[in-house]
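Below you'll find the structure, written out as structure tokens, and then a few comments.
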Amino acid sequence: MKLRPLSAATKLTANWHYPFKRYPDRFLLGSNTWINERWFGNDTIFNEYRGWLADLPLEQARYVATGNAERLFDTAARNRQD
């Protein structure tokens, strides 16, 4: 499997559709801004994310875009309070 999931500017490659379909609860979406200049590229980065997320069924896209992170970090927050 290619590490880069996009074929064109914002389309998922065929071999990346299966993992998202089979395991939608195992992916998180994120970006790393390790230097200040990276902040200026966030519009481009997140537009690409929106493009390939639109290539997924809505339920899968929701898991990847926000749902999995919300579930993961909500669980972590609850565990810290116990």
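Computed values, structure above
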| item | result |
| --- | --- |
| Scan of the stretch 32-57 for residues that are out of contact with any Pro (no Cβ under 7 Å at 6 or more places or on another chain), within 12 Å of PHE20 (Cβ to Cβ) and outside any loop (DSSP other than H, G, I, E, B), ordered by number | LEU53 |
| Which numbered condition ALA65 fails, given (1) surrounded by 15 or more Cβ atoms within 10 Å (Cβ to Cβ); (2) of a type outside the set (D, E, K, R); (3) in contact (Cβ under 8 Å) with a residue 40 or more places away in the chain; (4) assigned to a helix (DSSP H, G or I) | (3) |
| Residue ID - surrounded by the most Cβ atoms within 10 Å (Cβ to Cβ), chosen from residues in the stretch 40-56 that are of a type outside the set (Asp, Glu) and in contact with a helix residue (DSSP H, G or I) (Cβ under 9 Å, 6 or more places away or on another chain) | TRP52 |
| Restricting the stretch 29-46 to residues that are of a type outside the set (Val, Ile, Thr) and under 12 Å from the mean Cα position of the chain (by Cα), the residue that is farthest from PHE73 (Cα to Cα) | PHE46 |
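Each value in this text was obtained by applying a stated rule to the coordinates, not by laboratory testing. Everything numeric here is computed off the predicted structure, so don't read it as measured data. Cβ atoms come from the backbone with ideal geometry, glycine included; neighbour counts cover every protein chain shown.
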